[in-house]
Amino acid sequence: MARVVRTAAADRDLLAIADYGAERWGVDAAIDFIRGFETTFTLLEAHPDIGRERSELGEDIRSWLDRTYVLYYAYIGDEVLIGRTLHGAADPSAGLDLRNP
């Protein structure tokens, strides 16, 4: 089984999502929403090849839709490296370099 590792950019994305959620829905709802990503991380640990191949974004990059957000990741060795967690309407090409996290 692979292990999920998040880049600093992915952690910043999750923090921004939490901040936005806290302002819009309240702290408890934001915490629940962020915890929901753990289900996706567990899924990717068990099935790292499940995501859609995104060769247009870089070598070995995949994506997985989680509610209205898309996780961009690479399966490298025994790690699932989460590069970004962006809203589905965001442009993923900016700041997505999983070879140099």
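Computed from the coordinates by the stated procedures, all read-outs in this text should not be read as laboratory data. Quick caveat: nothing in here was measured; it's all calculated off a predicted structure. Cβ sites come from the backbone with ideal geometry, for glycine too, and all protein chains shown count toward neighbours.
Magnitude of the charge dipole for the chain, about its Cα centre and with charges confined to Cβ atoms of Lys, Arg (+1) and Asp, Glu (-1), is about 80 debye.
Taking only alpha carbon atoms, segment 3-87 gives an Rg to Rh ratio of 0.99, where Rh is the Kirkwood radius. The phi-based Karplus calculation (6.51 cos²θ - 1.76 cosθ + 1.60; θ = phi - 60°) puts the 3J(HN,Hα) values of segment 29-43 at 5, 5, 4, 4, 5, 5, 4, x, 5, 4, 4, 5, 4, 5, 4 Hz, whole numbers, x for Gly and Pro.
The angle between the Cα long axis of helix 8-25 and the longest principal axis of the Cα atoms of the chain comes to about 30 degrees, rounded to the nearest 10.
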